[in-house]
Amino acid sequence: MRNSQHRFTNDGNAMPAIGFGVWQSRGDELIGAVQCALDAGYRLVDTAAIYGNESEVGSAIKTAGVCREDIFITTKLWNDRHDDVENAFNESLTKLGCDYVDLYLIHWPVSGQNLFVSAWDAMIKLRDSGRVKNIGVSNFSIEQIRRLEAETGVLPAVNQLQIHPFNQQRELVDWLRTQGIITQAWSPLGHGNQNILTHPVILKIAEQQHKTPAQIVLRWLYENQIIALPKSSTPQRIRENIDIFDFNLSTSELSAINALDRGLNVGNDPDAFR
């Protein structure tokens, strides 16, 4: 199924309602996965400088037979470049082989450096230059985003967070919605040994809906207006993960998944990570 669904930023720009993540993917396997994803209908590809695979992403996009203007490319500023934003961005742009990106994110706030506001100011300038269509953040708290707005007058278009049924971050997500900030979910299917996809609640709903457990979780995110960024190198799973637009979850099914929240963060602490 082709992805014809979109979300709209606080600037009025459209972005696809589901994306393809490429963390920990490299080489020919990554190129093949991105090409498969684009063929399956994904139009948002999410990478980052720290992933070390921007060049492969660029190569895959160039040879996929899809117009650049139809692909929404996201990359991210790494923690050691908050005081060197323009050079870091130019390096990413060169590796991607593009003359603009659709979304550029501050990957982590790195509060101890106290540089994320100045980095944000530099990103505003990049957006104003036209080389970035949208700017946003990743792993930022309410307080940190409020500080960005207070000191620059500009809210992020996106906050990318670790969101999945076991880590729903409802207070933050609800607040972002009130500000018109889109939430994107990294590791939307969980990470490591969390076993989200084998949880009895997810399995029961999948059986009732005649869908895969992953499709149930991704549909739950979609119905919560969250853009999921699933990652896979398996063609069948890549195709299945975008095939979530032909069914709806019932109120009771949504409530059952909501009840799985346990605040289980498997990543780094945004307030402490360097």
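The values are calculated or read from the model by the stated rules, or taken from the named source; none is laboratory data. Everything numeric here is computed off the predicted structure, so don't read it as measured data. Glycine also receives a Cβ, built like all others from the backbone with ideal geometry; neighbour counts cover every protein chain displayed. Note: areas computed on protein heavy atoms with side chains; ligands, DNA, RNA excluded. Shrake-Rupley method; radii C 1.70, N 1.55, O 1.52, S 1.80 Å.
In nm², what is the average projected area of the convex hull enclosing the Cα atoms of the chain?
Values: hull surface 53.1 nm².
With every direction weighted equally, the projected area is 13.3 nm².
Grab the beta carbon distance between residue 201 and residue 177, set R0 = 22 Å, and tell me the FRET efficiency rounded to 0.05.
Numbers: r = 24 Å, r/R0 = 1.11.
Plugging the Cβ-Cβ distance into 1/(1 + (r/R0)^6) gives 0.35.
Over the Cα atoms of the range 179-224, each weighted equally, I'd like the Debye log10 I(q)/I(0) at q = 0.17, 0.25, 0.26 Å⁻¹, rounded to two decimals.
With one equal scatterer per Cα and no solvent, log10 I(q)/I(0) is -0.52, -0.91, -0.96.
Given a 1.4 angstrom probe, I'd like the percentage of the accessible area of the range 77-119 that is carbon and sulfur, rounded to a whole number.
On the way: 670 of 1630 Å².
Ligands and nucleic acids excluded, carbon and sulfur give 41 percent.
Work out how much length residue 247 to residue 80 would gain on full extension: take 0.36 nm times their residue separation and subtract the Cα-Cα distance, in nm to one decimal. List each step's numbers first, then the result.
Working: separation 167, 0.36 × 167 = 60.12 nm, distance 4.32 nm.
My answer for the length gained is 55.8 nm.
In the neighborhood of residue 228, defined by Cβ-to-Cβ distances under 12 Å, what is the net charge if each Lys or Arg adds +1 and each Asp or Glu adds -1?
+1
By how many nm would the segment from residue 66 to residue 210 lengthen if fully extended, with 0.36 nm per residue of separation less the alpha-carbon distance? Please report the intermediate quantities before stating the final value.
Details: separation 144, 0.36 × 144 = 51.84 nm, distance 3.13 nm.
Gain on stretching residue 66 to residue 210: 48.7 nm.
Would you mind computing Rg(Cα) / (2.2 N^0.38 Å) for the range 159-274, counting N as its residues?
Numbers: Rg = 13.9 Å, N = 116, 2.2 N^0.38 = 13.4 Å.
Its radius of gyration relative to the 2.2 N^0.38 Å reference: 1.04.
Once the other residues with Cβ under 11 Å from the Cβ of residue 126 are scored (Lys, Arg +1; Asp, Glu -1), what is the net sum?
Numbers: positive: 125, 127, 131, 133; negative: 86, 121, 128.
Every neighbour counted, the sum reads +1.
Let me understand the range 1-138 better: what is its radius of gyration from the alpha carbons, and its Dmax, in angstrom?
14.6, 45
Please give the peptides 21-28, 134-141 ranked by average Cβ packing (other Cβ atoms within 10 Å per residue), highest first, as a rough proxy for protection. List each step's numbers first, then the result.
Numbers: 21-28: 16.0, 134-141: 24.0.
Top of the packing list down: 134-141, 21-28.
Once both labels are modelled 7 Å past Cα along the beta-carbon direction, what's the residue 118-residue 259 spacing in nm?
The modelled label-to-label distance comes out at 5.1 nm.
Antiparallel as a % of all DSSP beta bridges within the chain, to the nearest 5?
Values: 4 of 29 bridges.
Antiparallel bridges make up about 15 percent of those DSSP assigns within the chain.
Which percent, nearest 5, of DSSP beta bridges in the range 1-156 are antiparallel?
Working: 3 of 17 bridges.
Antiparallel bridges: around 20 percent, rounded to the nearest 5.
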